[in-house]
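This report refers to the structure that appears directly beneath it.
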Amino acid sequence: MIVDRVARSNRSFFPLPAALRRRRPTRPGGMPARLAILALLLLPAAAARPQGPAAPAGADINRDFLAPDLDPEAWRQRFEVESREVFACREAIVGALGLAPGDRVADVGSGTGLFLAPFAEKVGADGRVYAVDISPRLVEFLERRVRDEGLSNVAVVLSEAGSARLAPGSVGHAFVCDTYHHFVEYEAMLASIHEALRPGGQLVVVDFDRIPGTSRQWLLDHVRAGKETVREEIEAAGFEFVEEVEIEGFAENYLLRFRKH
């Protein structure tokens, strides 16, 4: 969180008129009038100072997911619950991708595998779903889930901070849900996704809409960049912005669609 700090002023910065220097009246409550005037002078400058973006995400943002003692079931209970927007709106999100039989899609930041079954159903037996995640413990969980649910067209991939570890031109769709703000090496990861996509392939990003002065404090602290910055970063990586898709039920999230040049 960025906090504005106003230093204690030096007396020479704001000299008082002579009339006021002759005495030092006190306001009710004990505050000298001179301090009250100084506070009023400082308020407009502090209010006008723009709120900068959150500090860039560090490696600590993924610390819990990289922990060897991570409990996947506990995270599944946090991720797959109706109070989470992307879970409550999962059908609309899946529909927005426009997947068809035979398609190949990468779920980058698959987490506990919320979207694996619906993706697998959409692409069918001739298609392929890649469940990509940076967490070794979640990858183990995904492998068990794929096996237990009989998702024979799903492959699980352990990624790295700067690489999705997918073969060049291997997918037509890349899906990044509630994960972009976890890209601590976002330029390298975007380059990796760009390489993995076929020409004309689409990248769909769902993330929190970070709006200073509007968003919850937790969101402001957790998410490093707003929607406009995310769009700029992705376009700089060689993607063409296509559209923002309105998802009914979204209050704190957005969905952006891009296409590989």
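The values are calculated or read from the model by the stated rules, or taken from the named source; none is laboratory data. Nothing here was measured: the structure is a model prediction, and the numbers come from that model. Methodologically, a virtual Cβ is constructed for each residue, glycine included, from the backbone with ideal geometry; neighbour enumeration extends over all protein chains shown.
Evaluating A167 against the criteria (1) crowded, with 17+ Cβ neighbours inside 10 Å; (2) among the hydrophobic types (A, V, I, L, M, F, W, C); (3) more than 21 Å from G111 (Cβ to Cβ) leaves one unmet condition, (1). For the residues D107, D133, D126, the requirement of being surrounded by fewer than 22 Cβ atoms within 10 Å (Cβ to Cβ) and in the same structural domain as G162 (by TED's automatic domain parsing) singles out D126. Per the conditions (1) surrounded by 20 or more Cβ atoms within 10 Å (Cβ to Cβ); (2) closer than 29 Å to D60 by Cβ, the sole criterion not satisfied by E233 is (1).
Within segment 67-139, considering only helices (runs of 4 or more DSSP H) that don't extend past its boundaries, which have at least 3 residues that are of a type in the set (G, A, S)? Talk me through it step by step, then tell me what you get.
On the way: elements: 72-79, 85-88, 90-97, 116-123.
Counting at least 3 such residues, we get 90-97.
Looking at this structure, is R78 surrounded by fewer than 19 Cβ atoms within 10 Å (Cβ to Cβ) and free of Cβ contacts under 8 Å to residues at least 12 places away in the same chain?
Values: surrounded by fewer than 19 Cβ atoms within 10 Å (Cβ to Cβ): yes; free of Cβ contacts under 8 Å to residues at least 12 places away in the same chain: yes.
Yes: the conditions hold for R78.
Scan V129, V86, V105, V156 and give me the residue that is modelled with pLDDT of 95 or more and in contact with a Cys (Cβ under 7 Å, 6 or more places away or on another chain). Talk me through it step by step, then tell me what you get.
Working: V129 fails: in contact with a Cys (Cβ under 7 Å, 6 or more places away or on another chain); V105 fails: in contact with a Cys (Cβ under 7 Å, 6 or more places away or on another chain); V156 fails: in contact with a Cys (Cβ under 7 Å, 6 or more places away or on another chain).
Being modelled with pLDDT of 95 or more and in contact with a Cys (Cβ under 7 Å, 6 or more places away or on another chain) holds for just one of V129, V86, V105, V156, which is V86.
Scanning segment 140-152 finds one or more residues that are closer than 19 Å to D69 by Cα and touching a strand residue (DSSP E or B) at 6+ places or on another chain (Cβ under 7 Å).
For G102, the requirement of being of a type outside the set (V, I, T), on the phi > 0 side of the Ramachandran plot and assigned by TED's automatic domain parsing to the domain that holds G249 is met.
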